[in-house]
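Since the structure comes first, as structure tokens, the remarks are kept for the end.
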Amino acid sequence: MKKFLLPVAALVAAAGLHAADDLKQNVGIGIGTMIFEGQSGLLSQICAATTNGCFGNQTFAITTGTLGARPWTGIVSNGEVQTFVRENMDQLAREIAAGQGESIDTLAELIALPADQRAEFAKSLQAKFDTIYDSPTVTSTEVVEHIAQIVKA
Amino acid sequence: MLRRLVPALLAAAAAVVSAEPYLPGDLQAEADRLALADDREWLTLLHVEPTWYGLRRSMVDDPAFFLSPRGVHDPAAELAATIEAVLKPVEADARHAVQRFPARTAYLVRRLGLDPARLPMPRSEEFEEAYRGLGPRSAAIAFPTAYMNTPASMFGHTLLVIRSRVRTGMASQAINYAALTGEDGGVAFAVKGVLGGYPGHFSLMPYWQKLNEYSDLDQRDVWEYELALSPEDIRRMLLHVWEMRGIRSDYWFFDENCAYYLLYLIDAARPDLRLHDAAPPWVIPLDTVRILCEAGLVDEVEWRPSLATKVKARAARMPAERAARARRIALGEEPPTAAVDGDPAAAADELDLAIDYLQALRNRRKVEQAAFQPRFVGILQARARLGVPAREAISAPTDVAPDQGHRSLRLGFGGGISGDKTFISAEWRPAYHDLLDPAPGYVEGAQIDFMGIEGRWYEGDARPTLERWEAIGLRSFSPRDVFFTPPSWKVDTGITRELVGGGGHSEHHAFLDFGVGACWSLPWSGLWYATVDADLRIVDTDPSLALGLGPEIGAVVRAGPLSLNPVARWSSFVGELPADNWSIGVSGSYALHRDLAFAFDLAREATWDWLSTTAALRVNAYF
């Protein structure tokens, strides 16, 4: 699969990043979305419902920080690949299984894969699903690593 | 000769002067001459609005947003301070005002005809770098629809999405205005939210984070309205967002909320539009969408179905046996290989349904992590082995596009007969939607009536009387099916006029009615529901409290513009004021137009040992 030459460096570098990552950033399937702690129970729902028009998710606003606290980066970085895969673990897994989808396209963009190679990229990920998700407890950094290996191969 | 020489000399002189810095006094004089302190665009940049007590005040509460200590109340002082700060020499250890306030700087440059090269700091490099990084292509408003059964939102939400030239939609930048509510919950949360007790902030995040939150977790479909803004408009908007970074404003649930701030961003992009002037005093996210559509600002509409929507749509388009098996596969009752037969495309669709459903169950914490991981990966493995793409995407239900909805303020006029008296009636309901209002654009089974008040003038009475004041009237009727079993509930509170036994005179009673139950879809359009209600009354006699318990059963039937709501209820009041109250009747409406409908009520009821019949007819108009 030598045709994916260009993004190899980006992916390999991204795969190498996890050594420095926190443990908490290394997220498995089914965990990513659990960051959102919602209030449950009918009464609190009603109380919240009457006030919560556009509050959004407060937990998230705090962890993400406001505009002032977070640099406004738009440039592709290796950290972004890690972040993207971590925050979209389940979505990416199911799109790889289906052989298409917006998450795969986004991943391809983050690693600067030329547009004409993206369909092929999605197909090869689908074919290698068992290798990428080699265990139910696979983590996001392992997924990035496995994808990098497939692209390199 | 001399006449021709003078302009030439002047031009030459100007060329020499051009390297010279501007003097604050000159610019101030020019700004005064142009009356910039009262200029609409300047006031928009400062978020200044006239207040009810006649003075102008900025809606922004953070002193860091102003260069002048009097800036909150005094746009002229802020203008003078800004001119001074922009002309200040650059100091190595201090952040220059141009870096911090590039929108105000750009405004002054444009209106005063300044040459940036003559400014100590010609442009905000911090902003320019961020702007290059964003590479904006277009801007869109994202509207996650209302979903009553999550705490997140009843009215929906709006956020701004900056789409990049190169990235996919989910990798756009989301600009979100939200309150930081911390760990508060319940009553404190409600009170502080309404009374501006939380700080509101703009925050910036990848759009996928908001999509994960809304469409996956909250089960809310997301509508995206791409805005007809030019690259210059978008740049002006981002300049203003930059100035709002880290700035706190008290978040008021009903007016200074996300929808309100969003209109300010659009006004910053297009100062000629003055959208926030057009906004009603209560800004609801849906109103924002409508205001933008009516201003001709919407180019294109996109729709992202939530997991729940996908589950329902996929199940509806495949044979029932396949849908039922997909459910069992998601629940772990059958292996994923059970779906794989001679037809890979159909098997793929079945497994995609199982995957959607399992993910939805996980998001609702109906499946433990330990059980989820192997089951999810197992189904995905079977799905990947099929090697076929997903079936075509689910298409958007255009009849419920939020911009199709009626306006939220309702005025109703009519008359009828109650007991043996005729009456005329008038109703004012500021927000937002009830089950019999025109259905397009709103979520089926969801009702939020707020502060509706109806007065009636009965024949023979000297003056009109309050018939009903509904402080809050909520319905969340979400149909149950084999996949999802949400609770249905309702809350009504306010004051109502009721006939009382022993002569049939009327009294005003305060009520708080709470019901919980379940709801199912009708085989044709609509739903039916059953609830058990607890009804607390405060009446104007001694003893004054009564508590009623009993069932209610009803339906909402839709046939084109006609909606019918037959209801039967029975409530046994216990305690100090015993009575068996019941009612049976049907209400309905016929929509002539998005914002105009006929409505009627027919009811036979027993209230406090008095039997009566009511028939009423109204014309409802929506503004």
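Nearest 20 debye, what's the magnitude of the dipole of the range B:21-123 about its Cα centre given +1 on Lys and Arg Cβ and -1 on Asp and Glu Cβ?
Working: 13 positive and 15 negative charges, 42 e Å.
That gives the range B:21-123 a dipole magnitude of about 200 debye.
What order do you get for B:96-103, B:529-536 when each peptide is scored by the mean count of other beta carbon atoms within 10 Å, highest first?
Numbers: B:96-103: 21.6, B:529-536: 18.0.
Going by the mean number of other Cβ atoms within 10 Å, highest first, we get B:96-103, B:529-536.
Once the Cα atoms are used to define both axes, helix B:2-17 deviates from the longest principal axis of chain B by about 70 degrees. Of the peptides B:159-171, B:361-373, the ranking by mean beta-carbon count within 10 Å, highest at the top, reads B:159-171, B:361-373.
Take the residue pairs A:LYS123/B:LYS366; B:LYS310/B:LYS366; B:LYS210/B:LYS312; A:LYS152/B:LYS312 and return only those whose Cα atoms are more than 29 Å apart. Over 29 Å apart, Cα to Cα: A:LYS123/B:LYS366; A:LYS152/B:LYS312. Output the 0 to 90 degree angle, nearest 10, between the alpha-carbon long axis of helix B:231-243 and the longest principal axis computed from the alpha carbons of chain B. It is inclined by approximately 90 degrees.
Rounded to the nearest whole angstrom, the semi-axes of the ellipsoid equivalent to the range B:405-622, taken from the Cα gyration tensor as √(5λ), stand at 27, 23, 15, largest first. Averaged over peptide B:355-366, the number of partner chain Cβ atoms lying within 10 Å of each residue's Cβ comes to 3. The B-A contact accounts for approximately 6500 Å² of buried accessible area, totalled over both chains at a 1.4 Å probe radius. Taking label positions 7 Å along the Cα-Cβ direction at both B:HIS505 and B:ALA559, the computed distance is 4.4 nm, reported to one decimal.
Reported to the nearest whole Å, the Cα centre-to-centre distance from the range B:321-348 to the range B:554-623 is 45. Lys/Arg Cβ at +1, Asp/Glu Cβ at -1, dipole of the range B:405-622 taken about the Cα centre: which of B:VAL556, B:SER488, B:ILE453 is farthest positive-ward? The residue sitting farthest along the positive end of the dipole is B:VAL556. Spacing of the modelled spin labels on A:ASP134 and B:LEU536, each 7 Å from Cα toward Cβ, amounts to 6.1 nm.
Could you calculate the FRET efficiency of B:LEU592 with B:SER395 from 1/(1 + (r/R0)^6), where r is the beta carbon distance between them and R0 is 41 Å, rounded to 0.05? So, using R0 = 41 Å, E works out to roughly 0.90.
Taking the longest Cα principal axis of chain B as reference, the axis of helix B:344-363 is set at about 90 degrees. One Cα centroid belongs to the range B:102-125, the other to the range B:456-518; the line between them spans 59 Å. From most to least packed by mean Cβ count within 10 Å, the peptides B:584-596, B:232-244 give B:232-244, B:584-596. So if we plug the beta-carbon distance of B:VAL166 and B:GLU294 into 1/(1 + (r/R0)^6) with R0 = 35 Å, what FRET efficiency do we get, rounded to 0.05? Taking R0 as 35 Å, the efficiency between B:VAL166 and B:GLU294 is 0.60. Averaged over peptide A:129-136, the number of partner chain Cβ atoms lying within 10 Å of each residue's Cβ comes to 4. Each Lys and Arg adds +1 at its Cβ and each Asp and Glu adds -1 at its Cβ; summed about the Cα centre, the range B:221-362 shows a dipole of about 440 debye.
When only C-alpha pairs under 8 Å and at least 6 residues apart count, what is the relative contact order of the range B:467-619, in percent?
Details: 413 pairs, mean separation 22.8, N = 153.
The normalised contact order for the range B:467-619 reaches 15 percent.
Calculated mean residue ellipticity at 222 nm for chain B: -9000 deg cm²/dmol, from DSSP H runs with n ≥ 4 weighted as -39500 (n - 2.57), summed, divided by the residue count and rounded to 500.
Rounded to 0.05, the FRET efficiency of the B:GLU20 and B:ALA228 pair, given R0 = 41 Å and the Cβ-Cβ distance, is 0.45.
In this simple spin-label approximation, B:LYS421 and B:ARG274 carry label points 7 Å from Cα along the Cα→Cβ vector, and these lie 4.7 nm apart. Considering every alpha-carbon pair of chain B, the percent of pairs per 10 Å bin, from zero through the bin containing the longest distance, is 3, 13, 20, 20, 17, 13, 8, 3, 1, 0, 0. The charge dipole of chain B, taken about the Cα centre with unit charges on the Cβ atoms of Lys, Arg (+1) and Asp, Glu (-1), comes to about 1760 debye, rounded to the nearest 20.
Would you mind giving the mean number of other chain beta-carbons within 10 Å of the Cβ of each residue in B:386-395, as a whole number? The partial results should precede the final answer.
Values: counts 4, 5, 3, 7, 7, 1, 0, 0, 0, 0.
Average per residue, whole number: 3.
Dimensions of the range B:307-386 from C-alpha coordinates, computed as largest minus smallest value along each principal axis and given longest first, are 32, 25, 19 Å.
The values are calculated or read from the model by the stated rules, or taken from the named source; none is laboratory data. The model shown is predicted, which means the values in this text are computed figures rather than measured ones. No Cβ is skipped: glycine too gets one built from the backbone with ideal geometry, and neighbour counts run over all protein chains shown. Remember, those area values only see protein heavy atoms, side chains included, never the ligands or the DNA or RNA. Shrake-Rupley method; radii C 1.70, N 1.55, O 1.52, S 1.80 Å.
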